[in-house]
Amino acid sequence: MRQPGRERLDPYHAAANMGVEVVRCEMFTSEGMWSPETSTVVLNRGMGRVREECALTHQLGHVLLGHNQELTAWDEWQADRLAASFLVPVRDFERHFHRSGSLDELAFELGVTEKIALAFMGMLSPDWAKSPLAA
């Protein structure tokens, strides 16, 4: 079993294990969405690997948290934090944080979007989110 904070989640494998179908189509206002009625995550076609994995993991966060399609800012915050906990192993964050000169460099090293890197920083401690990297 995956140990939170130690291994990176494979979101495609997780979706399959959860019985969630993943489809891609042109979306003009979003990177992804969760449809509880059809157990489907719809992802915006044409995203790069990192953005797609982060978007899928964020959507799986909505699934795990029992969110419906009428999402609040709080729901989005929860899904970002859950995605960050699945995608960023603590040891990787610790290894790259002090060597990175910017948030985009840290995100690149971690293989996540800046949004997910920032969510992870905020989970560890409010002080991490006050880092010059978060500015």
Length gained, E37-E109, 0.36 nm per residue minus C-alpha separation, equals 22.3 nm
Sequence of R49, R95 once ranked by neighbouring C-beta atoms within 10 Å, starting from the fewest:
R49, R95
Residues in the stretch 100-116 that a label on M27 would reach, taking backbone N under 17 Å of a point 7 Å out along Cα→Cβ:
113-116
For a quick check: sort C25, C54 by the number of other beta carbons within 10 angstrom, fewest at the front.
C25, C54
Would you compute, from DSSP H runs of 4+ residues alone, the mean residue ellipticity of the chain at 222 nm, taking -39500 (n - 2.57) per run and dividing by the full residue count, rounded to the nearest 500?
-15500 deg cm²/dmol
Exposure proxy check: E37, E21 ranked by fewest other beta carbons within 10 Å?
E37, E21
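Read-outs throughout are calculated quantities, based only on the coordinates presented, and are distinct from any laboratory measurement. Everything quoted here is computed from the prediction, not taken from an experiment. Cβ: placed from backbone, ideal geometry, glycine included. Neighbour counts: every protein chain shown.
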